[in-house]
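Below is one structure, written out as structure tokens, with a few remarks after it.
No lab work stands behind these numbers, since they all come straight from the coordinates. Nothing here was measured: the structure is a model prediction, and the numbers come from that model. Reconstructed Cβ throughout: ideal geometry from the backbone, glycine too, with neighbour counts over all protein chains shown.
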2 protein chains.
Amino acid sequence: MTAPLHEARATGPGRALPDTQQGMRRRNLARVMHAVSAEGSLSRAAVASRIGLTRAAVSTLVDELIRTGLLEELGPERPGRVGRPGSALAVSGRGPAGLGAEIGVDHLAVCVIDLRGEVRARIERHGTNRGRSPEPVVEELTGMVRQVVAEAEREGLWPAGLAVAVPGLVARDARTIVRAPNLDWHDTDLGALLPNDFPLTVDNEANFGGLAELWLRPDTPRDFLHVSAEIGIGAALVVDGSLLRGTRGFAGELGHVPVHPDGPPCVCGGRGCLEQYAGEEAVLRAAGLEPGGDRVGLLAGLATDGDPNVRRALREAGTAFGIALTGALNLLDPEEVVLGGALSGLAPWLLPSLESELARRTAGPPRPVSVSRLGPEGPLLGAAHSVVRAVLDDPAAVAGRG
Amino acid sequence: MTAPLHEARATGPGRALPDTQQGMRRRNLARVMHAVSAEGSLSRAAVASRIGLTRAAVSTLVDELIRTGLLEELGPERPGRVGRPGSALAVSGRGPAGLGAEIGVDHLAVCVIDLRGEVRARIERHGTNRGRSPEPVVEELTGMVRQVVAEAEREGLWPAGLAVAVPGLVARDARTIVRAPNLDWHDTDLGALLPNDFPLTVDNEANFGGLAELWLRPDTPRDFLHVSAEIGIGAALVVDGSLLRGTRGFAGELGHVPVHPDGPPCVCGGRGCLEQYAGEEAVLRAAGLEPGGDRVGLLAGLATDGDPNVRRALREAGTAFGIALTGALNLLDPEEVVLGGALSGLAPWLLPSLESELARRTAGPPRPVSVSRLGPEGPLLGAAHSVVRAVLDDPAAVAGRG
């Protein structure tokens, strides 16, 4: 496939095709699924009024979705409502599911979520992947995938696709890691290494983290900048509810925005990039600590204990973030900045200097900076949810499978 | 209206509404108009094969578009083609038209283009608007608008809307200038000052310049960064063929990306912004020249003559552009950077240092930097074309008017 499922369908299936009855039906099936999914449960009449179709038209669509196992009937709605009681509909807790995986620098994780968004199976393993070649890492991940899928199948779920979050740049084919400097992988075709039992989507961890924020937080704005860090610093740019990917799929490289153009050289070939001031290794170095182990936990612990070197290092990192984000806010004008991923655990010590730098450098009311509540779990959840979204966006495409 | 016409319709009319026969018909009318417009002239059969509908369906749509004066028949196609000759269709050179206007710091301009994109009437006046209050400037512009419209009406054209390019930030209502520092205007509602004979769209000059580049250059990529300057420095970010506007409509403020974070203070409240190194006034100052008059012409003339101070000033401005663009390319990953507006006239002296700075700071193959062939004409043409695009995007909306 040439683009991740959730993207190719972001503006509806068949957008570029002439309108046909068949295309209308598919889009209306998606509207029904999204309406029920958004509310948890809904009567046919409520679906009809929400999506602006007649109740007869909605009943035909609903019947098809029940027949193919994507919706289920919960029985009559609770009494006390006005009018004749209708049978409430809910998204099915069986059938197609989202399979998400994450290859981190220091961990592997796999989970299955059902169409309702509930995590139904999950495994995680810690241990560094730095310096390991792709084959054994992906083999280990594949074993975890099989284990989680077996567990999900026992509950009547089958994965409609596999989405993998990785700490690196991913080509627009959504399967090739172009480079993941902190794993020392490049031009790695995960599609060739993973089992081909499921449609595959590979994406950068910051992107999946940003999408998780968009989909799972109830009050997320449609335009925001999701800043994320594992070892490197990345960002997801969400514009009008969609991810901005860039021509090659490399957008969001906030870590390589110049902060001090004559500063220290960076792995990217530039000088004085944000990563040289606010990347984990730069912060550890500035705090006089050795790299390795659970660095975020170490920094957070020492900062909590009031270690002056760690607090100063994080304050300076926050200032560097503020300078780089000033440029990003001037270019993109998002509604909000969200600190996600591992960064969220260091927010209490980064935020004050970051926010004061932003306020000092930008005119008008300051853009709010918030901290993700999903934290380091964001990328894995975003990956699994991307598969579920693809099912909701085009239920007809999975109806015959399983 | 809450958004510029060309934007509200960017993804097709009724995108958020349930699919209906009526919506399908409107979208298919748009597909016919765009197909004919893209080719100059086309037979019914060619339209049908291009948009994937039956010839009978296309004939019904074409008949409606001819009846409402948006398409015309050119008579039988030239002989020598295979098969029975069909009557070639063309977009009408009469009827609805695009009315564009530009309020520059040093000039006013108004033009009318027909649906074929040809300029049919145009007036321009030079003289500074700096320090003038909005009322007399808009009054002068209104006089020019009436003159151009009268001229166009004599040729059977009627404006389907008025689009105005301005050198400042425009609110998302597409009528209020939030601030135009080089005019010293702020919170100026152009909608209240301009005649309400036509639907109005006001937008930043860099945005209209970027849209002109997208619509009028035959080989323009779908993702590019259009850098523009009149007195300030702005950019239009075109992503997948649409303008990225930002939450408040303020995206593209490249001039306020920090280049040297401890540099000189800027009007925006920040320090060391790009405008402090590469804005027209900074370049004039660095070259030891007085501001005022045709500054771009002056700089280009002196640079051509080999003036070492001017050449050095432009070289240093190019370096500053390279630093700011490094950040923008890392964030956005566009396919190309286009230098437009007045900047295009200084490109020969800016480009070498700009490109070498980019090459030095970014990994991978360098992003191409090109120079707009529309140059300073871009914003006015983009404004007029935005009205024409709105007609092509929803021909049914204008069919009853005129």
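Each residue of the range A:107-119 is assigned a 3J(HN,Hα), and the resulting list reads 7, 10, 8, 9, 8, 10, 10, 7, 5, 7, x, 8, 6 Hz, derived from the Karplus form 6.51 cos²θ - 1.76 cosθ + 1.60 (θ = phi - 60°), x at Gly and Pro. The packing ranking, built from the mean of other Cβ atoms within 10 Å per residue, places the peptides A:262-275, A:157-170 in the order A:157-170, A:262-275, highest first. Taken as entire DSSP H runs, the helices of chain A that both span 30 Å or more between Cα atoms along their own long axis and average -1.0 or more on the Kyte-Doolittle scale are A:308-332.
Note on B:Arg373 and B:Gln21: the extension gain reaches 122.5 nm, defined as 0.36 nm multiplied by sequence separation minus the Cα-Cα distance. Think of each Lys and Arg Cβ as +1 and each Asp and Glu Cβ as -1; about the Cα centre, that makes the dipole of chain B roughly 1300 debye. Taking 0.36 nm per residue of sequence separation and removing the Cα-Cα distance, the A:Asp262/A:Glu151 pair yields an extension gain of 34.6 nm. Only DSSP H runs of four or more residues enter the estimate; each adds -39500 (n - 2.57), and after division by the residues of chain B the mean residue ellipticity at 222 nm equals -12500 deg cm²/dmol.
Averaged over A:25-36, how many beta carbons belonging to a partner chain fall within 10 Å of each residue's beta carbon?
Details: counts 1, 1, 2, 2, 0, 0, 2, 0, 0, 0, 0, 0.
Mean inter-chain Cβ contacts per residue within 10 Å come to 1.
Which whole-number percent is the relative contact order of chain B (Cα, under 8 Å, 6+ apart)?
Values: 829 pairs, mean separation 73.8, N = 402.
With pairs under 8 Å counted, the relative contact order is 18 percent.
Shielding by partners for peptide A:269-279, expressed as the average number of C-beta atoms from other protein chains within 10 Å of each residue's C-beta, is 3.
By per-residue mean of other Cβ atoms within 10 Å, what is the highest-first order of A:174-183, A:388-397, A:367-376?
Details: A:174-183: 20.5, A:388-397: 22.9, A:367-376: 18.6.
Per-residue mean Cβ counts within 10 Å order the peptides as A:388-397, A:174-183, A:367-376.
Across the identical copies, the label point of B:Glu39 (7 Å from Cα in the Cβ direction) is separated from its matches by 4.7 nm, in order from shortest. Residue exposure proxy: B:Leu314, A:Leu29, ordered by other Cβ atoms within 10 angstrom of their Cβ from fewest to most, comes out as A:Leu29, B:Leu314.
Amide hydrogen proximity for A:Ser370: with H placed 1.01 Å from N in the peptide plane, the residues at 5 or more positions away or on another chain lying under 5 Å are A:Val337, A:Val338, A:Leu339. Amide H to amide H distances under 5 Å link B:Gly95 with B:Leu157, B:Trp158, where only residues 5 or more positions off or on other chains count and H is placed in the peptide plane. Sorted shortest first, the distances from the B:Gly288 label point to those of the same residue in the other copies are 5.1 nm; each point sits 7 Å from Cα along Cα-to-Cβ. For A:Thr128, the point set 7 Å out from Cα toward Cβ sits 6.3 nm from its twins in the other copies, listed from shortest up.
Work out the P(r) tail for chain B: percent of alpha carbon pairs separated by more than 29 Å, whole number. The partial results should precede the final answer.
Numbers: 37736 of 80601 pairs.
Within chain B, distances greater than 29 Å cover 47 percent of Cα pairs.
Over every Cα atom in the protein assembly as shown, the radius of gyration and the widest Cα-Cα span, Dmax, amount to 28.2, 88 Å. Taken residue by residue and averaged, Cβ atoms of other chains lying within 10 Å of the Cβ of A:236-244 number 3. Couplings for the range A:174-184, taken from phi via the Karplus curve 6.51 cos²θ - 1.76 cosθ + 1.60 with θ = phi - 60°, read 6, 9, 9, 7, 6, 7, 10, x, 7, 9, 6 Hz in order; Gly and Pro are left as x. Spatially, the range B:332-362 and the range B:98-172 are offset by 30 Å when compared through their Cα centroids.
Most exposed first by the Cβ proxy, i.e. fewest other Cβ within 10 Å, how do A:Asp187, A:Asp240, B:Asp114 rank? Provide the component values of the computation, followed by the final result.
On the way: A:Asp187 9, A:Asp240 14, B:Asp114 23.
Ordered from fewest to most neighbouring Cβ atoms within 10 Å, A:Asp187, A:Asp240, B:Asp114 come out as A:Asp187, A:Asp240, B:Asp114.
Here the range B:376-390 and the range A:280-295 have alpha carbon centers that stand 53 Å from each other. Assuming charge only on the beta carbon of Lys and Arg (+1) and of Asp and Glu (-1), the dipole of the range B:136-284 about its Cα centre is about 360 debye to the nearest 20.
Taking a point 7 Å from the Cα of A:Thr128 along the Cα-to-Cβ direction, the residues of the range A:259-296 with backbone N closer than 16 Å to it are A:280-282, A:284-285, A:289-296. Taking amide hydrogens as placed 1.01 Å from N in the peptide plane, the amide H of B:Thr247 sits under 5 Å from those of A:Glu335, each at least 5 positions away in sequence or on another chain.
Note down the relative contact order for the range B:219-372 as a percent, whole number, built from C-alpha pairs under 8 angstrom at least six residues apart.
Details: 263 pairs, mean separation 37.0, N = 154.
About 24 percent, as a whole number.
Per-residue Cβ neighbour counts within 10 Å put B:Asp305, B:Asp63, A:Asp106, B:Asp223 in the sequence B:Asp305, B:Asp63, A:Asp106, B:Asp223, beginning with the fewest.
Efficiency by 1/(1 + (r/R0)^6): what FRET value for B:Asp219 and A:Ala171, r their Cβ-Cβ distance, R0 = 35 Å, to the nearest 0.05?
Details: r = 23 Å, r/R0 = 0.67.
Efficiency computed from Cβ-Cβ geometry: 0.90.
Listed peptides B:194-203, B:290-299 appear in the order B:194-203, B:290-299 once ranked by packing, highest mean of other Cβ atoms within 10 Å at the front.
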